[in-house]
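First comes the structure, then the notes that go with it.
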Amino acid sequence: MRGAGFDFRLYAITGEPYHPGRDLIGVMEAAIRGGADIVQLRDKESPPSRLLDKARALRELTRRYGVPFIVNDHPELALAAEADGVHLGQEDMPIAAARRMLGEDKIIGVSTHNIAQAREAVRQGADYIGVGPVYPTPTKPGRPAAGLEFVRQAAAEIAIPWVAIGGITLDNADEVLDAGARRLCAVSAIVGSPDPEAISREFRQRIEAREAGRSARLSGAELPAGSPIPIRLNGRETETTARTLMELIERHGLADRRVVAEVDGEIVARAAWSRTPLKAGATIELVHFKGGG
Ligand code: TZP
Ligand code: MG
């Protein structure tokens, strides 16, 4: 499940207090039918035995639809329910400890509330990160909004999948996407809706519409100068303050040499080096051919 191909667009998280009288599985099935392509069990109230029942039921549902299933807070529950992974907050167990418990194949997601936490989660090996709360939300009381600026910073810097979360509704989804988000997550807007399927379908359409127009806007993405970002260069974890592929290549003294450069598995033509941004978590291969002929 984990691996280079892991990605998603619309992340639906459970929130049973938002749908009293309606069944958890029915609500989450509607979200999936509408286009949610990853599901998380988030339940701060139930005792462990109830949690395991819910996790097992959601596992069965998500397996039927071929959608990844993530458990919030509890790696041991993720294992017991055969979930695809776990989602950790800043106060939860460190990523390395969760990785030891879960093994290499499980997905580990991490909530981050500012760009420093986002960089650190990438460095520690998170498979995706949550970026938020974008807006204040009753689903996470007491957590101040990180705002759209954090979304812009993540868009500029973070190369692993990251998802905007917190107070996102159909009324503000477009400005979150305008700020650079390519994935959205919602609790209340989806599960609190009388029609979770229709809402999910609309969220999904908004995201897809941006994706379609995206490649044209990609060139010239400005990256903030400053702190080093973690990258993987020729198989080695390292850091760089270079902000473009060209800067990185220049710093290795290779700009005038015969070099093939690959970013995240795609060869980048020399003409595009200067406008290819470097993002935290990017995998870069530089192959330098020595000698002539
Ligand atoms: N993490 C950051 S904000 C948030 C979580 C779990 C709550 C999102 O819920 P909602 O109802 O979509 O604002
Ligand atoms: Mg937590």
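Overview of values
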quantity	calculated
Scope segment 250-293; condition in a loop (DSSP other than H, G, I, E, B), touching an Asp or Glu at 6+ places or on another chain (Cβ under 9 Å) and loosely packed, with under 13 Cβ neighbours inside 10 Å; matching residues	265
Failed criterion for residue 247 (all others in (1) modelled with pLDDT of 90 or more; (2) part of a loop (DSSP other than H, G, I, E, B); (3) under 16 Å from residue 156 (Cβ atoms) hold)	(2)
Residue list for segment 57-74, filter: more than 11 Å from ligand 2 (Cβ to nearest atom) and buried (at least 18 other Cβ atoms within 10 Å of the Cβ)	58, 59, 61, 62, 67, 68, 69, 70
Answer residue from segment 156-178, given it is free of Cβ contacts under 8 Å to residues at least 40 places away in the same chain and within 15 Å of the chain's Cα centre (by Cα) and is surrounded by the fewest Cβ atoms within 10 Å (Cβ to Cβ) among those	177
Members of segment 75-95 found to be touching a strand residue (DSSP E or B) at 6+ places or on another chain (Cβ under 7 Å) and without any contact (Cβ under 8 Å) to a residue 24 or more places away in the chain, listed by number	86, 88, 89
From the options 61, 24, 79, 52, residue that is aliphatic (A, V, I, L, M) and under 23 Å from residue 165 (Cα atoms)	24
Residue within segment 130-144 that is of a type in the set (Val, Ile, Thr), under 20 Å from residue 186 (Cβ atoms) and more than 16 Å from the chain's Cα centre (by Cα) present	yes
Segment 211-239, subset modelled with pLDDT of 85 or more and within 22 Å of the chain's Cα centre (by Cα), residue surrounded by the most Cβ atoms within 10 Å (Cβ to Cβ)	229
Selection from segment 4-56 of residues that are without any contact (Cβ under 8 Å) to a residue 12 or more places away in the chain and either outside the structural domain of residue 86 (by TED's automatic domain parsing) or surrounded by 22 or more Cβ atoms within 10 Å (Cβ to Cβ) (or both)	5
Segment 144-169, residues that are in a loop (DSSP other than H, G, I, E, B) and either on the phi > 0 side of the Ramachandran plot or of a type outside the set (A, V, I, L, M) (or both)	144, 161, 166, 167, 169
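The values are calculated or read from the model by the stated rules, or taken from the named source; none is laboratory data. Please read these numbers as outputs of a predicted model, since none were measured by experiment. Virtual Cβ from ideal backbone geometry, glycine too; neighbours counted across all protein chains shown.
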